[in-house]
Structures are given as structure tokens and as C-alpha cells.
Amino acid sequence: MYDGGKIIVGLVIGLCLLFSPFFFNAGKAAKAPQPVLTAKAKEAKKCVADTAYMRSSHMHLLDDWRQTVVRDGERYMTTSDGKVYYKSLQVTCLECHSNKTKFCDQCHNYLDVQPYCWDCHLVPKESK
Amino acid sequence: MLDRTLKGSQKYWGWLIFLLIMMGIGFLVYLYQFKVGLRITGMSRDVSWGLYISQLTYLVGIAAGGVMVVLPCYLHDYKAFARITVLGEGLAIASVLMCFLFVMVDLGQVTRMFNIILYPHPKSILFWDMIVLNVYLFLNILIGWNVVAAERKGIHYQKWVKVLIYISIPWAFSIHTVTAFLYAGLPGRHYWLTAIMAPRFLASAFCAGPAVLLLICLIVRKVTKFDPGIKQMRTLGGIIAYAFVLNIFFFLLEVFTAFYSQIPGDMHSLVYLFAGLDGYGKLVPWMWTFAVVSVVAIVLLVVPATRRKEDTLMVACIAVIIATWIDKGLGLIIGGFVPDPFGKVFEYWPTTPEILITLGVYATGFFILTVFFKMVVSIKEEVGA
Amino acid sequence: MGVDRRQFLKIAGLSTLAGLGGKTAFELLAPGDVEAALPLMKAKRWAMVVDMRRLNEEAMKKLQKACHYAHNVPDFGDPKVEIKWIWAEEFKHAFPDHENEYVPEKVAHEKVLLLCNHCSNPPCCRVCPTGATWQREDGIVMMDWHRCIGCRFCMAGCPYGSRSFNWGDPRKAPKALNPDFPTNPEFPTRSKGVVEKCTFCDERLAKGLLPACVEAADKIGKDLLIFGDLADPDSNVRQALGKHFTIRRKPELGTSPNIYYIV
């Protein structure tokens, strides 16, 4: 091929750059996230929805809350077992899960997810 | 056809590199604004729109100005303009793109920009402004590209392009009418609450746009082998003359209504702009410059001898651009917000970062304009137009 | 035989659009939420009557403090970037069209309590391109800080100067002026780049509480701020309006403001 030498050299450099993260992190494995429940959370046993749903879709729930609370004025929800919750990330969720760095951030940091909720919604001060 | 933009003289590349540097500086300062917020600008709780929105308003006018070349050519068979309509379209493309950039740098939450499409609110004029500007951009890109491509191939452009051209004529009127509606429907801003806002905007657009176009034609004639034509430039001069006189006439009508009625709300903004209010008068020298330059422009444009001579016509165009820019790009927005709803004066002046970002956006527009014109003029040179 | 490049691109483009549109449509049709009946404050048209005869500047400062504390409104100490939901303004600036040289001394020098008028015909809602501010069924002109893009068209549209913009991050306001920030951990702050204003304490109304300013006013004196349902002919606001002459700010603009001032 024309300029074969240049192409092959370029290809090798390109592939090296592409796979460089793997080279640099070879042999290391990031620890699986281990979110810690507070005493209050453990005592409550149940969240506003079951754990499997919360793990997979808590953002769906929060988006729905965002829509219904702010735009529709519906601030309360009843779960299937009759419990009434005030729909608020800051007031309800973080009341039990007040340890953001040991709970929320564990998975978020592992997956490099940066939710901007915290730009506005306040986080309770955590004790070390 | 874009390959024509990669071959150029030293001056061409020098100009592009200068523009790229300005764009780079503007971009870096914008990153700082994105991080810290709009507090680095001169805008305040009272004057909540400033240089960015005023430049957007001015440039929508420039974009609409291209229609002053297309309309006589297609509706009145003035075929002489046919060779320069594509220059008008290129000016429109660069201007509308600058408008979008100015909107983006002005938004407080620019990452949420698409909310205006995701949650459309047809009652809001901003929604319609977005639509008409996007369609106008789309029209000009399609028309401009196809006309130049056809010229390069030595054939007439396809019939469907003509349909788009006919649509673009009233559409150009609509973009600036909608932009005027942004201001003319707000009950609390008495400087803007006038039915004549849209006619004023159109008159100012139809002198400023062609004035910019004419200056570009003179530059093109100087640095390339393509000559837009003395006949075309003289006709443009006539159009600019009528439009500018109308623009100043409309402004004087506003002055009459405000001061003959003696209604405080109508007078206060004009008093602030031309005489100062409560001891604040940053814009007074600017507005009187506008008055003097307008007189110079009118004289040069109305007197046939000066309008027909190229060098005086060039001076007239520069005067028109300066006058319309001060009126629309400075006086209009600031005057609308001063005095505030409480009758108090809180002055606005752009900060250095704000000016640098503005220059960066202008540099981007000029870059697009230069590249597009390089392509168009190179092709015209090749086919011996 | 077969599609050529142009046809292929057309088909691919249309299919992508259909796919994206379909997914969105599916999510939009998902079932909504369950609501419980609780002691909420409900009305058809919330309004407020301000007794200007008995409110002095000191009292107004306390009301501002109550509101700003309840909503984490920072004090920047700089009128250029200040954020205020409720504040005290000179009479001639609050009612510029009512001004005359012979206004009684007391009125000329005393301040007027200003806040968002929660107009029945609000220009700010008309101009908002995203619906980040809108008029609720109960008359409150509400803010959605998730949706606001910070275009500030509502600020240009408001004839009363009721709205403030977050020119910078509210959490970065000077610590010296905001030692206890955030003052209310149960209410969010806002981020930079969004417009904010009084929302008639909709979050407190949902809990059956009066707005923060009204609660604070009740501690100072009776009926300094009367907050109630304008649509209910027997409500406290209607009774007050029936008994006293009131004025509103710039009524000639057709906005139909719902803050009435007893003068």
C-alpha cells in the first residue's frame, strides 16, 4: 500500500493510545462499592420502594418525584403497605441515609456518575 | 467545494489565524464564565440583559439584511443582483450562527438549552424566535450551497431551490419581527412597549445589513479577482439610503410621542440615554455620537454625488453601521432596563471578560464568513464571473 | 436492485427518529403516583393583604429575615447581584405612579413591603420558553429550578422587579454576611444560573402551615399580613378588602396583581 510504513506506525501508535488505560491499570481491580446503611436506615428496614427497585431505578423515582412535587404540587405518596412519605430527597431520603459519602458516593464514585442534585439539594453534615 | 478554503494567500491565512486566536481567548474566558457564573459580566438584578443579548438583536438585523438583495432580484427581476445574492446568504449564515452563540453564552444554565425544545411553550416569543432563526439558517445554507454548486458546474440551480428562495424573502422579515416581539410585548418596559418596534427593527436591519454587505463587496473587490459590480453597489447604496432615513425617522417619531405626551414612563429612558438621569449618564456621549454620525450618514447617502462615489459611499456605510450599532446594540437594551421598575437608575457597563467573550463570538462569525466567502469567490473566479 | 446510498441514509435517519420518539412516548405514558390526603392548605386563588398602616421598617426586616432564612436566600451585600424574595422599598419607588409632592410625611418616609405579586395574568409566565415558571391552579406563580435555563426573559417581563437571578453560586456568598448558611436544611439552595422569587411558601402550604412571612408577621401583630383565598367570599382576605380601601402596584398594566396594600 502507499505510505505503508507511515500507516503501520500510525496504527500502532493509535492502538497504543487506545489501549493505554488497560496497560496502566493492568493487575489492579477497583473494589466493588460497599454502601453502608446508617443505624436509622437499618432500623427502618424498608425504603420507599424495595431494594432491588431502588438499586436499579432510584433515579427514575427521583425524576418522578421532581415532576410531581414541583410541577404538580403532589408532595406526599402512599406505598402499597399504606405508609405515607413526604417526597423529598433532602428531607426523606437523606433522613435515613444521612451518610452520603459512605452510602450514595460509594456507587456513584465507582461508576463515575456525577449527579448534579447536590448543586442545590443540601447534604446533612456527616460525623466521621 | 470546501477545498477552495484551504488554498489562500498569506493575508488570508494571517487573518484566519488572528480570528482563531480571538476565538481561543473568547472560549477560555467563556470557560471561566461557565465555571463562576454570569456575575463576571456587568449585568445586574436591574439590567438583566446586556451586551450578549444586544449583539444578538443587532445580528438578527444583519442576517435579515440579505433579503434586500434577494427581493429586488427575484420579485422585481433586477437581475443585476443575481451575482451577489449568495454573498447576502453567506452573511446571513454567519450572522445567525453568531446569534446562536450569543444566546448560548448568555444562558445561566446552558446545559439545559434543549429544554426549550423538550418543553415547548408556544406562548413564549423566545420559542418562536428559536424556530424562525433555525429555519432561516437552514434556508440560507441550503440555498447558498446549491446556488454556488450549480454555478461551479455551470448549470442553473434546481427548481426546488427557487421555492426556498421565495420562502426566504418573507421569512427574513419574520425573523426580525419576531425578535422585535421579544421586546414589544413586555408590559413593564416602556422604552420597548411600542407598536413601532418591529418597523424600527426592520428599517434598521435593512440599512445595516446591506451596509455590511456593501463593505464586504468592496473588500472582496480589493483582495480577489471577483468584482461584485459598480451598478450593484450603487443600487445597494440607494436601498441603504432609504432604509436609514426611515430608521432615523422612526426614531424621531418615538421621541415625539414620548416628549409631546410628557408621560414620565415614556420619557425617562430617552432622558437617561441622551441627558443622564439622577446623575447617571454613561451612555450620553455614545448616544450623541449616534446622533452626529446619523446626520453624517444621511447627508452622504441622500446627496447623489456622495452616494455615487465609492469612497464617500464607503464612509456612509461605516457611519450607518456605527449609528445602528449604537442605537440597537447599546442604547436599546440598556435603555429598556433603565430606569428600573422602581424608577431607580442602576447603570450597566460591560466588563472586560464580557467584552472578550463577545469579541470571541464575533471572531467566530467572521471566521465562518471568511471561509464561506473564500469558497464562493474562488468558485466565481474559476468560472469567470 | 437494492437501495442506493441516499435511500439507505434516508431510511436509517427515519428509523432512528422513530425509535427515539417511540422510547420517549413509552416513558411518558408510564403510570403516575399515588397521593395521600393530608392537611394541606388549599385555595382557588391565594392572595395577600398587607396592612401598610401598621408595618414599620423594623418589622419588614424581620419578615425578610424569616423568608430568607426559610429558603436559604443568601446575602451578597452587593445590590448588583443581590437576591431578594421580599423586601422594604420606599413609597415613591414602590408606587411610582402614585407619587405626588404632598404625600403625607409618614407615607413618604415609611417603607412598603414588596414581594412577587402572584399576578392572575402574569407576563412572566407568558414569556418563559420552557415553562420553568407557570401559574398553578391555586393562583401561585411557581418556579421549577430544575427546568430553568437562566434566559432571564421572565425578569425582563416582570413589571415589578420581583425576580432575582443567581449570577454566581449562592453557596459562595460571603461567609461574613451569611454565618449560618444554609439556614434551613430542609429546603434546597438554588444553583447558579437560575431565576428565583417568592413562591408563596408552597412547601409550607403543603404541610398546612402559613407562609414564613405571614407566620413571622403574626408574631409581631394581628393581621399585619392577611393571607387567604380571594375566591372564597367569606375568607379573611375578602373581609379585609371589603372593609378597607386598598391599592395594588401598577394595576393599569393588566397583570391583576394579588398583593393588596391597605394605605
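The values are calculated or read from the model by the stated rules, or taken from the named source; none is laboratory data. Only a predicted model underlies this, so the values are computations on that prediction, with no experimental measurement involved. Glycine also receives a Cβ, built like all others from the backbone with ideal geometry; neighbour counts cover every protein chain displayed.
Is it fair to say residue B:305 is assigned to a helix (DSSP H, G or I) and either free of Cβ contacts under 8 Å to residues at least 12 places away in the same chain or within 20 Å of residue B:334 (Cα to Cα) (or both)?
Values: assigned to a helix (DSSP H, G or I): yes; either free of Cβ contacts under 8 Å to residues at least 12 places away in the same chain or within 20 Å of residue B:334 (Cα to Cα) (or both): yes.
In short, yes.
Quick check: anything in region A:62-74 part of a loop (DSSP other than H, G, I, E, B), closer than 21 Å to residue A:118 by Cα and in contact (Cβ under 8 Å) with a residue 24 or more places away in the chain? First the steps, then the outcome.
Looking only at region A:62-74, we keep the residues that are part of a loop (DSSP other than H, G, I, E, B), and these are A:72-74.
Narrowing the set further to residues that are closer than 21 Å to residue A:118 by Cα leaves none.
Checking region A:62-74: not a single residue is part of a loop (DSSP other than H, G, I, E, B), closer than 21 Å to residue A:118 by Cα and in contact (Cβ under 8 Å) with a residue 24 or more places away in the chain.
Can you tell me how many residues within region C:74-89 are free of Cβ contacts under 8 Å to residues at least 60 places away in the same chain and closer than 24 Å to residue C:219 by Cα?
Residues flagged as free of Cβ contacts under 8 Å to residues at least 60 places away in the same chain and closer than 24 Å to residue C:219 by Cα within region C:74-89 amount to 3.
Touching a residue at least 24 places away in the same chain (Cβ under 8 Å) and surrounded by 21 or more Cβ atoms within 10 Å (Cβ to Cβ): is that true of residue B:370 in this structure?
No.
So residue A:19 passes all but one of these: (1) on the phi > 0 side of the Ramachandran plot; (2) at pLDDT 90 or above. Which condition number does it fail?
That leaves (1) as the condition not met.
Restricting to region C:198-211, count the residues that are more than 12 Å from chain A (Cβ to nearest Cβ) and of a type in the set (Asp, Glu).
So the count comes out to 0.
Restricted to region C:151-162, and to residues that are in contact with a strand residue (DSSP E or B) (Cβ under 7 Å, 6 or more places away or on another chain) and under 23 Å from residue B:114 (Cα atoms), which residue is farthest from the other protein chains (Cβ to nearest Cβ)? First the steps, then the outcome.
Within region C:151-162, the subset in contact with a strand residue (DSSP E or B) (Cβ under 7 Å, 6 or more places away or on another chain) is C:152, C:154-155, C:162.
Add one more test, that the residue is under 23 Å from residue B:114 (Cα atoms), and what stays is C:152, C:154-155.
Values: C:152: 5, C:154: 9, C:155: 4 Å.
Ranking the candidates gives C:154 first.
Looking only at region A:94-117, count how many residues are part of a helix (DSSP H, G or I) and without any contact (Cβ under 8 Å) to a residue 12 or more places away in the chain.
3
Please work out if residue B:53 is within 14 Å of chain C (Cβ to nearest Cβ) and either polar (S, T, N, Q) or in a helix (DSSP H, G or I) (or both).
For residue B:53, the condition - within 14 Å of chain C (Cβ to nearest Cβ) and either polar (S, T, N, Q) or in a helix (DSSP H, G or I) (or both) - is met.
Looking at (1) free of Cβ contacts under 8 Å to residues at least 12 places away in the same chain; (2) under 18 Å from the mean Cα position of the chain (by Cα), find the lone condition where residue B:121 falls short.
The failed condition is (2).
Yes/no per residue for (1) buried (at least 20 other Cβ atoms within 10 Å of the Cβ); (2) assigned to a helix (DSSP H, G or I):
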{"residue": "B:81", "(1), (2)": "yes, yes"}
{"residue": "B:89", "(1), (2)": "yes, yes"}
{"residue": "B:117", "(1), (2)": "no, yes"}
{"residue": "B:122", "(1), (2)": "no, no"}
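Restricting attention to region B:1-45, which residues are closer than 20 Å to residue B:353 by Cβ and in a loop (DSSP other than H, G, I, E, B)?
Across region B:1-45, the qualifying residues are B:37, B:41, B:42, B:43, B:44, B:45.
For residues that are crowded, with 20+ Cβ neighbours inside 10 Å and in contact with a Leu (Cβ under 8 Å, 6 or more places away or on another chain), scanning just region B:346-365, find the one that is nearest to residue C:99 (Cα to Cα).
Among them, the one singled out is B:354.
Could you tell me whether region A:55-67 includes any residue that is more than 29 Å from residue C:171 (Cβ to Cβ) and of a type in the set (A, V, I, L, M, F, W, C)?
Of the residues in region A:55-67, the ones more than 29 Å from residue C:171 (Cβ to Cβ) are A:55-57.
Among the residues that remain, those that are also of a type in the set (A, V, I, L, M, F, W, C) are: none.
So far as region A:55-67 goes, no, none of its residues is more than 29 Å from residue C:171 (Cβ to Cβ) and of a type in the set (A, V, I, L, M, F, W, C).
Among the listed residues C:128, C:158, which satisfies the condition of being closer than 15 Å to residue C:257 by Cα, in contact (Cβ under 8 Å) with a residue 24 or more places away in the chain and in contact with a helix residue (DSSP H, G or I) (Cβ under 7 Å, 6 or more places away or on another chain)?
Matching residue, one of C:128, C:158: C:158.
Could you check residue C:147 against (1) at the interface with chain B (Cβ under 8 Å from one of its Cβ atoms); (2) touching a residue at least 40 places away in the same chain (Cβ under 8 Å); (3) surrounded by fewer than 24 Cβ atoms within 10 Å (Cβ to Cβ) and say which number it fails?
For residue C:147, the failing item is (2).
Which of (1) within 30 Å of residue B:41 (Cα to Cα); (2) touching a residue at least 40 places away in the same chain (Cβ under 8 Å) is the odd one out, the single condition residue C:210 does not satisfy?
Condition (1) is where residue C:210 drops out.
Please go through region B:263-290 and pick out each residue that is without any contact (Cβ under 8 Å) to a residue 12 or more places away in the chain and in a helix (DSSP H, G or I).
B:264, B:267, B:271, B:284, B:285
Can you find even one residue in region C:213-223 that is among the aliphatic types (A, V, I, L, M), in contact with a Lys or Arg (Cβ under 7 Å, 6 or more places away or on another chain) and crowded, with 23+ Cβ neighbours inside 10 Å?
Within region C:213-223, not a single residue is among the aliphatic types (A, V, I, L, M), in contact with a Lys or Arg (Cβ under 7 Å, 6 or more places away or on another chain) and crowded, with 23+ Cβ neighbours inside 10 Å.
Can you go through B:148, B:135, B:103 and tell me which one is modelled with pLDDT of 95 or more, more than 14 Å from chain C (Cβ to nearest Cβ) and either surrounded by fewer than 22 Cβ atoms within 10 Å (Cβ to Cβ) or touching a Lys or Arg at 6+ places or on another chain (Cβ under 9 Å) (or both)?
B:135
On the given criteria, is residue B:85 β-branched (Val, Ile, Thr) and either more than 13 Å from chain C (Cβ to nearest Cβ) or under 20 Å from residue B:372 (Cβ atoms) (or both)?
The answer is yes for residue B:85.
Which condition breaks for residue B:301 when tested against (1) at pLDDT below 95; (2) hydrophobic (A, V, I, L, M, F, W, C); (3) in contact with a Lys or Arg (Cβ under 9 Å, 6 or more places away or on another chain)?
The single condition residue B:301 does not satisfy is (1).
Evaluate region B:195-205: report whether one residue or more is within 14 Å of chain C (Cβ to nearest Cβ), at pLDDT 95 or above and in contact with a helix residue (DSSP H, G or I) (Cβ under 7 Å, 6 or more places away or on another chain).
Yes: region B:195-205 contains one or more residues that are within 14 Å of chain C (Cβ to nearest Cβ), at pLDDT 95 or above and in contact with a helix residue (DSSP H, G or I) (Cβ under 7 Å, 6 or more places away or on another chain).
Would you check which residues across region A:40-93 are buried (at least 17 other Cβ atoms within 10 Å of the Cβ), more than 21 Å from residue C:196 (Cβ to Cβ), facing chain C (nearest Cβ under 10 Å) and hydrophobic (A, V, I, L, M, F, W, C) and list them?
Those that are buried (at least 17 other Cβ atoms within 10 Å of the Cβ), more than 21 Å from residue C:196 (Cβ to Cβ), facing chain C (nearest Cβ under 10 Å) and hydrophobic (A, V, I, L, M, F, W, C): A:61, A:77.
Checking residue C:214 against (1) facing another protein chain (nearest Cβ under 10 Å); (2) touching a strand residue (DSSP E or B) at 6+ places or on another chain (Cβ under 6 Å); (3) farther than 23 Å from residue B:181 by Cα, only one condition comes out false. Which one?
So the condition that residue C:214 fails would be (1).
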